[in-house]
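The values are calculated or read from the model by the stated rules, or taken from the named source; none is laboratory data. Quantities reported herein were computed from a predicted structural model and do not represent experimental measurements. All Cβ positions, even for glycine, are placed from backbone atoms using ideal geometry, and neighbour counts span all protein chains on display.
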């Protein structure tokens, strides 16, 4: 494979789903990232770190005198849903003026972190919290559904701020990303073995699987000739259904391209070519 890409990243201490695109599938990476993600994890209240997770150095310790109730936690979680503005952690790969934020952090150089618009679909507890009377730490177990660009570490810290205490993300797994569930994944070791024994091709999903949230249209021969040459299509030529923002055009049961509806021109036009062979 000459081309390979991935939809997002996983921090070293996080496991779970990371879709890998190879060959022509690299052309749909950005569409995969728009599909949203689901995580489960653990937040610990009572201390904070430089990295917002357990990898960093402790910044503050403040033992809780008593645990927060489930209702108190749920109320603050609800405040952290919907469209939000998030400031990413210093220990992240985001670039500012050509340098990664973690480079600024390691060098001790001050920098203004760019704010990001994010969307949290839901943020909820998954089981009863645990309070350690001796340490004064409380563990919250959660699940979150979110859009691209969301830092769960920062969400954990923000929940602590809402509750008025320091917090860290103490465990995290990604259950869903790009339309794929954790049950559909294979380990890197299994991937290497599949490449070695020649079964790798059978473990790949077709490109259109990654685009399943979009409306699909199967083209006839005449339409395919138009599309191959980058031509436009009228809504009436494609479907009797309502006009949608983006459509995946199929030919011979394979995803060939993505077209976007132009409101001004009242027609569909090419947005991303995938396979015109």
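Residue by residue, here is whether (1) under 23 Å from residue 38 (Cβ atoms); (2) surrounded by fewer than 16 Cβ atoms within 10 Å (Cβ to Cβ); (3) modelled with pLDDT under 95 holds:
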residue	(1), (2), (3)
101	no, no, yes
111	no, yes, yes
128	yes, yes, no
147	yes, no, yes
177	yes, no, yes
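Matching residues to (1) surrounded by fewer than 17 Cβ atoms within 10 Å (Cβ to Cβ); (2) outside the structural domain of residue 198 (by TED's automatic domain parsing); (3) at pLDDT 95 or above:
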residue	(1), (2), (3)
23	yes, no, no
31	no, no, no
46	no, yes, yes
49	no, yes, yes
67	no, yes, yes
104	no, yes, no
108	yes, yes, no
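Checking 60, 42 one by one, the residue that is at pLDDT 95 or above and surrounded by fewer than 16 Cβ atoms within 10 Å (Cβ to Cβ) is 60 and no other. Checking the condition modelled with pLDDT of 90 or more and over 30 Å from residue 32 (Cβ atoms), which residue from 121, 143, 134 passes? Within the list 121, 143, 134, the selection yields 134.
Each residue in the stretch 132-154 was checked for being in contact with a strand residue (DSSP E or B) (Cβ under 7 Å, 6 or more places away or on another chain) and closer than 18 Å to residue 115 by Cβ, and 8 of them qualify.
Rundown of residues vs (1) in contact with a helix residue (DSSP H, G or I) (Cβ under 8 Å, 6 or more places away or on another chain); (2) in a strand (DSSP E or B); (3) not assigned by TED's automatic domain parsing to the domain that holds residue 43, yes/no style:
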{"position": "165", "(1), (2), (3)": "no, no, no"}
{"position": "168", "(1), (2), (3)": "yes, yes, no"}
{"position": "183", "(1), (2), (3)": "no, no, yes"}
{"position": "192", "(1), (2), (3)": "no, no, yes"}
{"position": "201", "(1), (2), (3)": "no, no, yes"}
